[in-house]
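J.: Next up is a structure, given as structure tokens.
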Amino acid sequence: MLPARLLPALAALLLLDAARPAAAAPETAALFGIELLEPGVVGGRPPRPDEARRLALATEELRKAVAAQGQVAFVDLAPKAAEIRKDAPLYKCEGCAERIAKEAGAALAVYGYVQRNTNQILNLSITISDTGSGKVLRGGQVVIRGDTDDTWLHGVRWLVKNRLFAEPLPSRS
């Protein structure tokens, strides 16, 4: 049993807690696999096995890093796999990522690509956009020097921390 002299303090704490705004529910997001862009290759080509492995590794790191921010909850894109393959590459399909994400029930689309400039210099670009308007909410690009797992992962983590979530996502209400 609490002493009577502590009851007013406890009541004040409960009122302060009730007056504090509730944490916003996470936005739903569709996270697409990071793709490869090689400007010097006419018509494109499928990624080599080492590139496909790194793209999958970078995509998984992006998923973990974005989820750790606590601002988004991912939707399942498995039912849209055939449509994603048909529209790929998403970095140049002009709105198809947002359309597919919206159809999957997501409010946000998260997608990106690695552009191979030389064997040792790559650019990683990641975008977060609104599926309703197509408006880019956040985006960033980083130069990766060195074609290793560690450099790719470092690039993903740096972008998430310093560009995509340096501040909370803007409220769209």
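J.: Starting from the Cα of residue 161, draw a straight line to each of the aspartates and glutamates and keep only those under 19 Å, dropping any in the same chain fewer than 8 residues away.
T.: Partners within reach: 27, 60, 61, 149, 150.
J.: List the lysines whose alpha-carbon lies under 24 Å from that of residue 80, not counting same-chain residues fewer than 8 positions away?
T.: Candidates past the 8-residue exclusion: 64, 92, 102, 135.
J.: For the range 92-173, what does the equivalent ellipsoid look like in terms of its semi-axes, each the square root of 5 times an eigenvalue of the Cα gyration tensor, given largest first in whole Å?
T.: Output for the range 92-173: semi-axes of 26, 15, 9 Å.
J.: How much accessible surface does residue 59 have with a 1.4 Å probe, in Å² rounded to 10?
T.: Probe radius 1.4 Å; accessible area of residue 59 about 20 Å².
J.: Shifting gears a bit: Mind checking the range 77-152 for trypsin sites (Lys or Arg not before Pro) that DSSP puts in a loop (not H, G, I, E or B) and that have at most 16 other Cβ atoms within 10 Å?
T.: Those satisfying the criteria are 135.
The values are calculated or read from the model by the stated rules, or taken from the named source; none is laboratory data. This one's a predicted model, so the numbers in the text were calculated from it and none came from an experiment. When we count neighbours, we look across all protein chains shown, and the Cβ atoms used for this are built from the backbone with ideal geometry, even at glycine. Protein only, heavy atoms only, side chains kept; ligands, DNA and RNA dropped before computing areas. Shrake-Rupley method; radii C 1.70, N 1.55, O 1.52, S 1.80 Å.
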